[in-house]
Amino acid sequence: MRAEPDVQRRLLDLAEIDTGLAQAAHRRRNLPEAQEALRIETERNAHKDAAVKVEMSLEDLDLDIRKLEGEVDAVRKREARNADRLAAGGVPAKQLSEMEHENTSLQRRRGVLEDDLLAVMEQREAAGEDLDRAGAQVDVLDQELEEAQRLLREAEADLTASEESARARRTELLAAGLPDELLADYERQRSSSGIGAALLRARRCGACRMEIDRAEIERIKAADPAEVVHCEECGAILVRTGESGLGASAGA
């Protein structure tokens, strides 16, 4: 394949643009702003999940409290009825003994229930404090996430502007005209190795950074400047200029 040296040199501009676009795409996939937003969102969601669990625990504790309060109230009412009957008098001796025994049992039962109720209410108070802390932490993380997402949008907008500018330059460069065969060769190499063309500088390929052996350098040096040559290692089109270390005829 042949192309005039100045046409081949335009491939370096195209390769520079494509490298910039590839780097922008890599950066977009690995934006630190995106990673930070994800970290905050993950932490926020963990606190929200914890808050939901505490809320469920509070619902269970409230049910336990209502149940215990009902049992305590039932015992107190039973005690009150017995007390009223005893105060009214006229209770037979045998029944009186039974009522006094029942009252003793009721008092013990009420004491146990009240202790249980107090313990559950203390658990409920602690759980409520946990929920308040979790809610406050979620609020803080919501604000941090909002700021992180704002920074992410700005970073993505900057990238988009840079990519659009690069694509516009690429379109202008292609509009200036490159031989179809040369462009097809460039695109083929770019899809294969990521870099379609590179400068041969000081006998080193600018794409793979490998130093070209003496025999190959001699072959390239002897080649017509219009002949399109490739790196033996990576296949990229080697563009020759005065920096290539091939002598005065390089890139002429």
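Counting only residues that are out of contact with any Leu (no Cβ under 8 Å at 6 or more places or on another chain), open to solvent by 30 Å² or more (accessible area, probe 1.4 Å), assigned to a helix (DSSP H, G or I) and touching a residue at least 60 places away in the same chain (Cβ under 8 Å), how many does segment 1-20 have? Residues meeting the conditions: 3.
Within the set of pairs 6+ apart or on separate chains, which have a first residue in segment 40-64 that is in contact (Cβ under 8 Å) with a residue 12 or more places away in the chain, a second that is open to solvent by 70 Å² or more (accessible area, probe 1.4 Å), and C-beta atoms under 6 Å apart? Qualifying pairs under 6 Å: I40/E144; L61/Q123; L61/R124.
In segment 198-241, what residues are assigned to a strand (DSSP E or B) and open to solvent by 20 Å² or more (accessible area, probe 1.4 Å)?
Selection gives L199, R201, R204, E211, E227, H230.
In the set (1) open to solvent by less than 80 Å² (accessible area, probe 1.4 Å); (2) closer than 15 Å to E4 by Cβ; (3) touching a residue at least 60 places away in the same chain (Cβ under 8 Å), G194 fails one condition alone, (2). Screening R133 against (1) of a type outside the set (S, T, N, Q); (2) out of contact with any helix residue (DSSP H, G or I) (no Cβ under 7 Å at 6 or more places or on another chain); (3) open to solvent by less than 70 Å² (accessible area, probe 1.4 Å); (4) more than 27 Å from R29 (Cα to Cα) leaves a single unmet condition, (3).
Residue-wise test of (1) in contact with a strand residue (DSSP E or B) (Cβ under 6 Å, 6 or more places away or on another chain); (2) farther than 30 Å from A226 by Cα; (3) modelled with pLDDT of 95 or more.
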residue	(1), (2), (3)
L11	yes, no, yes
E16	no, no, yes
L21	no, no, yes
Q35	no, yes, yes
D62	no, yes, yes
L86	no, yes, no
V91	no, yes, no
Q95	no, yes, no
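The single residue among S162, S192 that is touching a helix residue (DSSP H, G or I) at 6+ places or on another chain (Cβ under 7 Å), in a helix (DSSP H, G or I) and among the polar types (S, T, N, Q) turns out to be S162.
No other residue among E102, E43 is farther than 30 Å from L145 by Cβ and either part of a helix (DSSP H, G or I) or within 60 Å of the chain's Cα centre (by Cα) (or both) apart from E102.
For E146, the stated conditions do not hold, so it cannot be described as of a type in the set (D, E, K, R), within 20 Å of M1 (Cα to Cα) and open to solvent by 60 Å² or more (accessible area, probe 1.4 Å). The residues on offer are L182, L178, L174, and the sole one that is part of a loop (DSSP other than H, G, I, E, B), touching a residue at least 60 places away in the same chain (Cβ under 8 Å) and out of contact with any Gly (no Cβ under 8 Å at 6 or more places or on another chain) is L178. Of all residues assigned to segment 22-36, at least one qualifies as being touching a Leu at 6+ places or on another chain (Cβ under 6 Å), part of a helix (DSSP H, G or I) and among the acidic types (D, E).
The values are calculated or read from the model by the stated rules, or taken from the named source; none is laboratory data. Values in this document were obtained by computation on a predicted structure and should not be read as measured data. Using ideal geometry, Cβ is built from the backbone for each residue, glycine included, and neighbour counts are taken over all protein chains shown. The protein model used for the area step is the full one, side chains on, heavy atoms only, and it has no ligands, DNA or RNA in it. Shrake-Rupley method; radii C 1.70, N 1.55, O 1.52, S 1.80 Å.
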